[in-house]
Amino acid sequence: MKDASRPDPAVAAQRVKEGVRDLARSALGAASDVATDVASGYRKSTRWMRLRATVVATWAVLALVTVWGACPSSGPQNPLGAKAKLLAGSIMGSQVFVENESDQIWRDVVVTLEGGWRFDKRTVRPSESFVVPTNRFAKEGTTAPPGLSPRTITIECTEGRVTIPLPIER
């Protein structure tokens with residue numbers, strides 16, 4: 001037996017759906033009325049008022065674009081806040097640049113290049129960066145070859161792990 005005090009869920013959902021649809025239609029109708037009033041007022045205005053409106057609208061658009069362009073990026077692009085690039089063309093050979101852009105200290109850092117070449121560093125503080133020649137990376141007791149040009153880098157520490165592409169900067 002059904003409890004008479006409880007409404008049918010399907011009927012209640014349909015009623016909510018119709019209410020939302022009516023609310024959307026009334027909002028669109030109000031926006032349409034406002035746009036029509038503004039357009040008719042613009043058409044009836046004098047040439048000088050239209051010119052003033054154009055200047056103000058242009059200023060507003062330029063101000064919004066300037067504010068949007070001046071806003072900083074959303075912060076680090078990966079969970080660890082790591083930034084890395086391969087510095088090629090140096091007298092000393094290829095070098096790997098790594099930077100900690102986060103607000104936390106990385107502990108027991110292991111930097112691994114594509115192919116399993118590893119470099120260990122005890123800590124990297126926030127906003128600290130370091131540069132390591134590729135011949136300092138090792139795998140099974142041997143150093144990396146001089147012409148190594150990896151495409152990805154993996155940074156592991158107690159705070160997390162991230163694998164990111166390694167752009168080449170000349």
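The values are calculated or read from the model by the stated rules, or taken from the named source; none is laboratory data. None of these values were measured; they are calculated from a predicted model. Reconstructed Cβ throughout: ideal geometry from the backbone, glycine too, with neighbour counts over all protein chains shown. Note: areas computed on protein heavy atoms with side chains; ligands, DNA, RNA excluded. Shrake-Rupley method; radii C 1.70, N 1.55, O 1.52, S 1.80 Å.
Brief remarks follow.
- Within the accessible surface of the chain, defined with a 1.4 Å probe on protein heavy atoms only, the carbon and sulfur portion equals 59 percent.
- Residue-normalised accessible area of the chain, given per residue in Å² at a 1.4 Å probe: 73 Å²
- In the chain, the DSSP beta bridges split such that about 95 percent are antiparallel, to the nearest 5.
- Local charge for Met92 was computed over the other residues whose Cβ lies under 15 Å away, with Lys and Arg +1 and Asp and Glu -1, and equals +1.
- Relative contact order of the stretch 109-154, defined on C-alpha pairs under 8 angstrom at six or more residues apart (%): 43 percent
- Listed by chain and number, the lysines placed with their C-alpha closer than 23 angstrom to that of Lys121 are Lys83, Lys85, Lys139; residues fewer than eight positions away on the same chain are left out.
- Highest-MSF residue in the chain out of Ala63, Ala144, Ala84 [GNM, Cα springs under 10 Å]: Ala63
- Our note on the geometry: Cα centres of the stretch 133-170 and the stretch 15-73, 53 Å apart.
- Using a cutoff of 8 angstrom between alpha carbon atoms and counting only pairs six or more residues apart, the relative contact order for the chain works out to 18 percent.
- Contour excess over end-to-end distance, with Cα ends at Asp22 and Arg122 and 0.36 nm allotted per residue: 29.7 nm
- Computed E for Glu140/Ser90 - FRET, C-beta separation, R0 30 angstrom, nearest 0.05: 0.70
- Size of the stretch 116-170 as Cα extents on the principal axes (Å, biggest first): 31, 28, 17
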